[in-house]
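Here is the structure we will look at.
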Amino acid sequence: TEPKVWKQVHSITIAFGHGVSTTPLQTAVGCAALMNGGYLIEPTFLTRTQDQAMSVAKKVVSDKTSESMRYLYALNAEKGSGRNARVPGYRVGGKTGTAEKVVNGRYSKDKNFNAFVAAFPMDDPQYIVLTIADEPKPEKPGMGATAASNAGAMAANIIRRSASMLGVKPDFSHENGATLVSYQ
């Protein structure tokens, strides 16, 4: 729900995930729009052609913004919190998210939802994978239970098993490539 009066504090808290709620499907559809050139396409279980999908699409971000987001998603999976989502031969990009669960109307400090939204192949993203772990436990004592430690690895396992079934051919030309450190 939208607050009756939008205050500056809402803009601040929404930047780190408080005060906003989306369904997993809304998250995946939003990510797809960021990856596909900026088109928000209403999801369906019915078969349709790409032309039919584009006929209902709405342009929600610019081509440049979409290109920037693809770059950042790829960089995050290569060097950032999404490193556990890497799959050799399949250029994966993505974003981690660790959200405190709401318990009795308050954000819990020890109960989280961890998520990773992945896109692949990053040269021309065709697929989105969203993984969510409800109240994950640390893998080792003393480690945190953040999305960086578990949700990305879940996405990698899904991509590793499904990519060939989806007809995505592995490409090892990006392995151990150079990283652009300045982007405008």
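Details
- Taking Cβ atoms as reference points and 13 Å as the exclusive limit, the residues near Met35 contribute a net charge of -1, counting Lys and Arg as +1 and Asp and Glu as -1.
- Taking other C-beta atoms within 10 Å as the exposure proxy, Thr96, Thr146, Thr49 rank Thr49, Thr146, Thr96 from fewest upward.
- P(r) of segment 1-77 over all Cα-Cα pairs, binned every 5 Å from zero, in whole percent: 3, 13, 17, 18, 21, 16, 8, 3, 1
- Binned Cα-Cα distance frequencies in the chain - 5 Å width, integer %: 1, 7, 14, 17, 19, 17, 13, 7, 3, 1, 0
- Scanning the chain for trypsin sites (Lys or Arg not before Pro) lying in DSSP loops with no more than 12 further Cβ atoms inside 10 Å, the longest uninterrupted stretch between such sites is 49-184.
- Computed from label points 7 Å out along Cα-Cβ, the spacing between Asp134 and Asn104 is 2.1 nm.
- Around Phe120: net Lys/Arg minus Asp/Glu count, Cβ-Cβ under 14 Å: +3
- Among the listed pairs Lys58/Lys111; Lys4/Lys109; Lys59/Lys109; Lys79/Lys101; Lys58/Lys109; Lys7/Lys137, a Cα-Cα separation exceeding 30 Å is found for Lys58/Lys111; Lys59/Lys109; Lys58/Lys109; Lys7/Lys137.
- Exposure proxy for Ser68, Ser62: other Cβ atoms within 10 Å of each Cβ, ordered fewest to most, give Ser62, Ser68.
- Taking Gly38, Gly152, Gly19 in turn, the Gaussian network model of the chain (Cα-Cα springs below 10 Å) assigns the largest fluctuation to Gly19.
All of the numbers you see were taken from the coordinates with simple rules; none came from a lab. Every value quoted in this text rests on a predicted model; they were computed, and no experiment measured them. Cβ: placed from backbone, ideal geometry, glycine included. Neighbour counts: every protein chain shown.
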